[in-house]
Amino acid sequence: MVESFIKYLQLEKRFSPHTITAYSKDLQQFSEFLAATFEISKIEKAEHPHLRSWVVHLMDTGVASRTVNRKIVSLKSFYKFLQRREFIEVNPASRLKSLRVPKDLANFVKESEMDNLLDHLTFKDNFSGQRDKLLLEMLYATGMRLSELIGLRNESINYYEKTVKVLGKRNKERIIPLHQEVIDQVEKYKQLKSDVSGKSDKLLTTNSGNDLYPQFVYKTVKNYLTQVTTLSKRSPHVLRHTFATHLLNKGADLNAVKDLLGHASLASTQVYTHNSIKKLKAVFDQAHPKA
């Protein structure tokens with residue numbers, strides 16, 4: 001049943017490989033728990049108390065609330081799939097409730113620190129140096145996700161329109177504008193890339209010309225951000241937060257930022273408005289007669 005569900009996620013729902021891997025691991029872990037704790041060998045035979053028991057077990061062993069909630073989503077999706085396919089009559093996951101998770105403010109790099117990174121930091125004038133600069137420029141200029149950056153192809157850039165085509169979650173395409181500095185950096189980088197051998201057709205590659213991989217991008221971003229900021233989190237996603245926060249601080253429309261980020265709902269974008277409160281207070285103090 002699990003194999004059929006995974007194929008459904010791949011072929012019909014078109015989930016990303018990362019999401020599919022997470023669902024597979026969650027269901028495998030639950031299957032092992034069922035067998036060890038209740039001697040139930042078939043996952044479709046589980047009932048609500050068994051699911052609830054696993055959630056309690058996860059909490060007792062110190063698994064983070066966000067991770068537990070993701071596993072609950074995996075169970076709900078799986079048993080909903082079984083019910084729709086009439087493999088089961090009652091959905092045992094329907095009464096599972098997500099755990100409360102405190103909302104953290106999104107970390108972001110200050111504008112002055114980003115200026116220092118992209119305008120004053122020295123990048124080597126070779127393939128790896130200019131690739132690293134383009135990698136950082138692209139993340140900050142577009143707010144794209146790590147997986148979207150890795151998936152960029154040579155033809156993703158439209159030089160005439162000054163845009164980049166991004167393939168987001170569930171294979172949804174979106175077009176993001178690029179400013180001239182990024183276009184110039186792409187052209188400079190591609191001149192150096194022509195001397196690099198490799199089989200990859202992706203825009204950004206490793207020094208040997210192969211596809212980028214997540215750990216490579218993480219390491220690169222952390223290395224450069226360490227030189228300009230004291231933030232504890234220095235990841236590609238922080239640059240996505242930075243992109244959104246800086247746009248909102250400059251007065252960008254929330255719906256426009258939502259579309260640029262590729263969010264399905266406005267609720268996902270609203271987390272960035274918390275970082276703009278200081279800016280709003282400054283406007284209030286300046287403009288309100290009683291301030």
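Readers should treat all values here as calculations from the given coordinates under stated rules, not as data from a laboratory. Keep in mind that what you see is a predicted model, and the values were worked out from it rather than measured. Reconstructed Cβ throughout: ideal geometry from the backbone, glycine too, with neighbour counts over all protein chains shown.
So how tilted is helix 214-225 from the main axis of the chain? Cα-based, degrees 0 to 90, rounded to 10.
With rounding to tens, the tilt is 40 degrees.
Restricting to DSSP loop positions (anything but H, G, I, E, B) with no more than 11 other Cβ atoms inside 10 Å of their own Cβ, which GluC sites (Glu not before Pro) remain in the range 61-132?
Sparse-neighbourhood loop GluC sites (Glu not before Pro): 86, 89.
If we count every other residue with Cβ under 13 angstrom of residue 115's Cβ, Lys/Arg +1 and Asp/Glu -1, where does the sum land?
Summing Lys and Arg as +1 and Asp and Glu as -1 gives -4.
Which pairs in the list 13/258; 124/219; 42/172 are over 24 Å apart, alpha-carbon to alpha-carbon?
Correct reply: 42/172.
Stick to the Cα atoms of the range 111-284, pair each with every other, and give me the Kirkwood hydrodynamic radius in Å at one decimal.
Answer for the range 111-284: a Kirkwood hydrodynamic radius of 16.9 Å.
If you put +1 on each Lys and Arg Cβ and -1 on each Asp and Glu Cβ, how big is the dipole of the chain around its Cα centre, in Debye rounded to 20? Could you put the intermediate results ahead of the total?
Working: 46 positive and 31 negative charges, 147 e Å.
With Lys and Arg at +1 and Asp and Glu at -1, about 700 debye.
With the Cα gyration tensor of the range 2-84 giving a ≥ b ≥ c as the square roots of its eigenvalues, does the rule (a/c under 1.5 for rounded; else a/b larger than b/c for prolate; else oblate) give rounded, prolate or oblate?
Oblate, because a/c is 1.5 or more while a/b does not exceed b/c.
So, counting K/R as plus one and D/E as minus one, what does the shell of residues with Cβ under 12 Å around residue 92 add up to?
Net charge in that neighbourhood comes out at +2.
For the pair residue 267/residue 4, report the inter-label distance in nm, with labels modelled 7 Å from Cα in the Cβ direction.
Spacing of the two 7 Å Cα→Cβ label points: 3.1 nm.
From the square roots a ≥ b ≥ c of the eigenvalues of the alpha-carbon gyration tensor of the range 52-204, which class results: rounded (a/c under 1.5), prolate (a/b over b/c), or oblate?
It is prolate, given that a/c is not under 1.5 and a/b is the larger ratio.
Whats the longest run of the chain with zero chymotrypsin sites (Phe, Trp or Tyr not before Pro) that are DSSP loop and have at most 13 other Cβ atoms within 10 Å?
On the way: sites that count: 87, 159, 160.
The longest such stretch corresponds to 161-291.
Using only the Cα atoms of the chain, what are the Rg and Dmax in Å?
According to the Cα coordinates of the chain, Rg and Dmax are 22.7, 71 Å.
Normalised by the residues of the chain, what does the relative contact order come to in percent, with Cα pairs under 8 Å and at least six apart?
Computed value for the chain: 17 percent relative contact order.
Charges only on Cβ, +1 for Lys and Arg, -1 for Asp and Glu: so what's the dipole of the range 1-141 about the Cα centre, in debye to the nearest 20?
Values: 22 positive and 18 negative charges, 125 e Å.
I would put it at about 600 debye.
Select from 191, 17, 217 the residue farthest towards the positive end of the dipole of the chain; place +1 on Cβ of Lys and Arg, -1 on Cβ of Asp and Glu, and compute about the Cα centre.
Positive-most Cα among the choices belongs to 17.
Can you tell me the relative contact order of the range 111-284? Whole percent, Cα pairs under 8 Å, sequence separation 6 or more. Provide the component values of the computation, followed by the final result.
Details: 201 pairs, mean separation 42.1, N = 174.
Result for the range 111-284 is 24 percent.
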